[in-house]
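Please read the structure below before turning to the comments.
The values are calculated or read from the model by the stated rules, or taken from the named source; none is laboratory data. In this text the structure is predicted, and so the values were computed from the model without any measurement. Cβ: placed from backbone, ideal geometry, glycine included. Neighbour counts: every protein chain shown.
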Amino acid sequence: MRSESAYLFAERKTKWAALTATLVMTEFNSATLISFSSLGYIAGFWALVLPFIFLFGLIFYALTVAEKWKAFDGLSVAGFFSKRYGKNMGTYASILLLLAMLGFSAAYIKSLILLFHPIFPSIEPWILSTGLLAIVFVMSLRGGLIAIIRTDVLSLILMLVFFPLMAFFMWKAPILSEISSTVSLSLAQGQKILPLRFIFSLTILTMFTYILAPWYGQKIFAAKSPKVAYWAVITAAILVFFLYGAAIFATALFRSKGFESPSPEQALPCLINHCLPLGFKGIAYALLFATSATTLTGVWSAMSAMWIGDFLKPHLDSTLISCRRSILATTVFAAISLLLANTLIDSVFNKLILANIPVAALSFGLLAGFYWKKASWQGVYLSIMMGCLCGAGAYCIFGEEGGYTWYWAVYGIPLTFLVGILGSLFSRETVAVNAE
């Protein structure tokens with residue numbers, strides 16, 4: 001493929017079914033799957049509330065920004081900040097989003113290691129992750145977004161069959177030990193492990209971070225029309241809710257029937273190894289690898305689009321440019337992600353949440369840019385500073401054990417918007433992007 005436009009945006013002609021599939025498989029990633037499944041293992045059936053986080057988050061995306069992103073139809077999410085608030089603000093936003101995406105992709109690679117370690121227990125994580133990424137490159141690097149979408153369509157069809165079957169096999173599995181607690185007690189214990197305010201805070205954070213997700217924005221830019229983008233996101237929200245729910249239900253059954261896992265994050269791989277029929281295990285790992293591969297390449301493709309659109313000299317007609325520099329940028333980002341995955345990522349779920357701090361800090365700038373003509377770069381700059389301060393401050397003061405996400409979501413997000421509004425009111429007005 002020679003066209004950079006085709007490589008990054010699939011010629012911006014993707015229809016509803018294909019767009020829905022790639023949006024689902026972009027969100028349904030191995031890192032969140034491992035995290036949610038581990039919480040199903042330790043919190044039981046109460047963890048079934050977790051998929052509501054993405055149901056509400058993606059519906060909020062559809063209602064607020066899906067059509068507007070397609071109307072903007074730029075090269076990257078950060079490019080909106082350049083057009084709305086000036087080049088400097090766009091560069092600043094791009095740096096924050098690139099840092100966040102490096103954290104996300106590192107967590108995705110770590111989840112791949114956790115998934116495949118039970119199959120290759122004697123292989124060092126560095127070697128295992130490098131080998132897995134090499135396969136990812138062979139699968140989809142050359143094809144760009146078109147190859148990703150084609151893989152996603154097939155993967156989604158298989159996933160919609162696989163996860164209900166996995167839950168069914170787990171339902172039929174024998175009980176290994178006497179169950180000492182009732183279902184109601186299990187739910188009560190689950191509520192202590194996963195407090196309702198933690199779920200609420202993650203829902204708020206998801207709503208105000210996913211609207212900025214560059215990997216989602218790139219897929220929306222590939223849509224055929226704004227209406228296609230809107231309905232694809234709505235449909236994706238429902239399917240993502242269903243798939244995560246099936247996985248959590250299966251690992252909750254796995255624990256309730258007396259099966260044990262060395263760690264909560266290994267619950268899903270252990271379930272696959274111990275409870276699925278032999279032929280089904282190979283299908284399971286192939287599907288999970290395909291899911292991880294398309295998620296990773298989707299994120300790296302979005303990073304490449306952002307790097308090219310915001311830091312390299314753009315060309316008036318990207319259809320005439322070779323995709324060589326996109327491939328090079330993708331390779332560099334993949335190498336950095338591999339390094340971070342093997343050095344900094346310990347808990348996948350916690351690091352996924354933490355990586356959202358710079359993304360949430362940009363939420364005022366995005367929504368105000370679309371809906372409020374008086375928003376200024378000064379107000380956005382102040383809101384970003386406040387957003388980063390609130391997220392990092394809550395983490396440093398309260399930590400994971402102290403439930404920092406509650407303080408970040410309930411106090412930090414409103415403060416971010418308040419500072420942005422006040423900063424804009426007391427500064428000069430900038431022209432809004434026409435995204436109708």
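Per this entry, F241 is not counted among residues that are in a helix (DSSP H, G or I), in contact with a Ser or Thr (Cβ under 8 Å, 6 or more places away or on another chain) and assigned by TED's automatic domain parsing to the domain that holds F60.
Of the residues G258, G279, the single one that is out of contact with any Pro (no Cβ under 8 Å at 6 or more places or on another chain) and closer than 19 Å to I157 by Cβ is G279. Only one of the numbered conditions (1) out of contact with any Phe, Trp or Tyr (no Cβ under 6 Å at 6 or more places or on another chain); (2) closer than 25 Å to L102 by Cβ; (3) assigned to a helix (DSSP H, G or I); (4) at pLDDT 85 or above is violated by F333, and that is (1). If only residues of region 216-230 that are part of a helix (DSSP H, G or I) and buried (at least 24 other Cβ atoms within 10 Å of the Cβ) are counted, the one that is modelled with the lowest pLDDT is Q218. You will find that of F54, F60, F45, the residue that is part of a helix (DSSP H, G or I), among the aromatic types (F, W, Y), in the same structural domain as G298 (by TED's automatic domain parsing) and in contact with an Asp or Glu (Cβ under 7 Å, 6 or more places away or on another chain) is F54 and no other. If you check I345 against the conditions, is it aliphatic (A, V, I, L, M) and part of a loop (DSSP other than H, G, I, E, B)? Spelling it out, I345 is indeed aliphatic (A, V, I, L, M) and part of a loop (DSSP other than H, G, I, E, B).
Please work out if L96 is under 28 Å from L354 (Cβ atoms), in contact with an Asp or Glu (Cβ under 8 Å, 6 or more places away or on another chain) and touching a residue at least 24 places away in the same chain (Cβ under 8 Å). Against the criterion (under 28 Å from L354 (Cβ atoms), in contact with an Asp or Glu (Cβ under 8 Å, 6 or more places away or on another chain) and touching a residue at least 24 places away in the same chain (Cβ under 8 Å)), L96 does not qualify. In summary, G279 fulfils each of the numbered conditions (1) in contact with a helix residue (DSSP H, G or I) (Cβ under 8 Å, 6 or more places away or on another chain); (2) assigned to a helix (DSSP H, G or I); (3) farther than 25 Å from L55 by Cβ with the single exception of condition (1).
When L114, L97 are screened for being out of contact with any Leu (no Cβ under 6 Å at 6 or more places or on another chain), of a type outside the set (V, I, T), modelled with pLDDT under 90 and assigned to a helix (DSSP H, G or I), only L114 passes.
Consider region 121-140 and keep the residues that are surrounded by fewer than 14 Cβ atoms within 10 Å (Cβ to Cβ) and free of Cβ contacts under 8 Å to residues at least 40 places away in the same chain. The one that is farthest from L296 (Cα to Cα) is S122. One residue stands out in region 141-180 among those that are polar (S, T, N, Q) and surrounded by fewer than 20 Cβ atoms within 10 Å (Cβ to Cβ): the one that is modelled with the lowest pLDDT, namely S180.
Residues in region 83-93 that are surrounded by 23 or more Cβ atoms within 10 Å (Cβ to Cβ) and either basic (K, R) or free of Cβ contacts under 8 Å to residues at least 60 places away in the same chain (or both): 1 in all. Taken together, the residues in region 334-348 that are in contact with a Ser or Thr (Cβ under 7 Å, 6 or more places away or on another chain), surrounded by 20 or more Cβ atoms within 10 Å (Cβ to Cβ) and among the hydrophobic types (A, V, I, L, M, F, W, C) amount to 2.
Looking at the structure I just gave you, is T206 assigned by TED's automatic domain parsing to the domain that holds A17 and at pLDDT 95 or above? The answer is yes for T206.
Of all positions in region 355-372, none carries a residue that is under 23 Å from the mean Cα position of the chain (by Cα), surrounded by fewer than 19 Cβ atoms within 10 Å (Cβ to Cβ) and not in a helix (DSSP H, G or I). The lone criterion from (1) surrounded by fewer than 23 Cβ atoms within 10 Å (Cβ to Cβ); (2) among the β-branched types (V, I, T); (3) under 21 Å from the mean Cα position of the chain (by Cα); (4) within 19 Å of A78 (Cα to Cα) left unmet by V299 is number (1). Sub-7 Å Cβ pairs linking a first residue in region 244-264 that is on the phi < 0 side of the Ramachandran plot to a second residue that is surrounded by fewer than 20 Cβ atoms within 10 Å (Cβ to Cβ) and not in a helix (DSSP H, G or I), at least 6 apart or interchain, are S256/I179; K257/A173; K257/I175; K257/L176; F259/L176, ordered by first then second residue. Looking at I248, I211, just one residue is touching a Ser or Thr at 6+ places or on another chain (Cβ under 9 Å), under 23 Å from K172 (Cα atoms), buried (at least 24 other Cβ atoms within 10 Å of the Cβ) and in the same structural domain as S155 (by TED's automatic domain parsing), and that residue is I248.
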